[in-house]
1. What list do you get for 208, 280 if you sort them by fewest beta carbons within 10 Å?
2. Which of the peptides 41-51, 197-207, 91-101 is most tightly packed, and how do the rest follow, going by the mean number of other Cβ atoms within 10 Å of each residue?
3. Considering only DSSP beta bridges with both partners in the range 199-277, what is the antiparallel share in %, to the nearest 5?
4. Quickly estimate the mean residue ellipticity at 222 nm for the chain, helices only: each DSSP H run with n ≥ 4 gives -39500 (n - 2.57), and the total goes over all residues, rounded to 500.
5. Hey, what did the chain get for relative contact order, percent, Cα under 8 Å, at least 6 apart?
6. For the chain, find the longest principal axis of its Cα atoms and tell me its angle to the long axis of helix 181-195, 0 to 90°, nearest 10.
7. Enter the angle in degrees (range 0 to 90, nearest 10) between the Cα long axis of helix 14-23 and the first principal axis of the Cα atoms of the chain, meaning the one along which they spread out most.
8. Could you tell me which label, among [x] 21.9, 77; [y] 28.0, 85; [z] 23.7, 75, carries the value of Rg and Dmax of the Cα atoms in Å calculated for this structure?
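The numbers here are math on the coordinates, done by the rules we state, and not lab data. Computed from a predicted model, the values in this text were never measured in an experiment. Cβ placement follows ideal geometry from the backbone for every residue including glycine, while neighbour counts extend to all protein chains displayed.
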């Protein structure tokens, strides 16, 4: 049994998300919350609070039980709903619950208050930014939310456990739930860095900030930007920028980009970069016997299961 969990759900229509949560009776059968606030102003709770307030573009907070640690909070501008409730089941039940809720990206609050102290010692915990929690025990994606990652391959081959639900829902678990706070933190740290907004992370912010310039030749027939690499290492940031440029169609409507190809003149350099480029969903090419040759396929190359 997981007990109390807190989740931030981004990307769905706020009122639909709240109705879906309420429909699961996560806070019992009570018709109205114990307390409410609208745009930070305390108001009297009412049974029709969802229809009256959550679809009107204001921030709403509804509190249940005797403490404020069970709640629903909406931020329409960020298209995000935060909710805290008791979960009687385990991780599989959470994946099932999420499958019934319309969202794109979800983050879960850490389960251990001790992580606050550990964070001050080990450094910041990455996350998805904006209204999300810093990474805790899991995160999740649904439908187009997977496009917030550099590729679906990144989700499938990271240092974490992946659970699938219906409606194209993916739950990513960062650490075992039966570990103590310190052991869980140690297990989760590589996953947090790999998933969050960090130099080696694969998450693409909505308003992506480019670190490297994308310089190459545009192949209009293949709708691919080709970047020639000679005697240098392609950094994770450059790869992530290429994925963001593909997602954002950085070259504009006149030059649609289906993918970015890195072309290495040295086959050894190409082979060294292949596992990482494959995870990003980017093409890897080289010259073999004076013939331009593509190395990446749909199958994962050797070394891809150790992406960090």
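1. Numbers: 208 18, 280 25.
Going from sparsest to densest Cβ surroundings: 208, 280.
2. With the highest mean Cβ count within 10 Å placed first, the list reads 91-101, 197-207, 41-51.
3. Numbers: 3 of 9 bridges.
If we restrict to bridges inside the range 199-277, about 35 percent are antiparallel.
4. Working: 7 runs with 74 residues, N = 308.
After summing the helix terms and dividing by residue count, I get -7000 deg cm²/dmol.
5. Details: 600 pairs, mean separation 41.6, N = 308.
Relative contact order of the chain: 13 percent.
6. Once rounded, the angle reads 50 degrees.
7. 60 degrees
8. Given [x] 21.9, 77; [y] 28.0, 85; [z] 23.7, 75, the structure-derived one carries the label [x].
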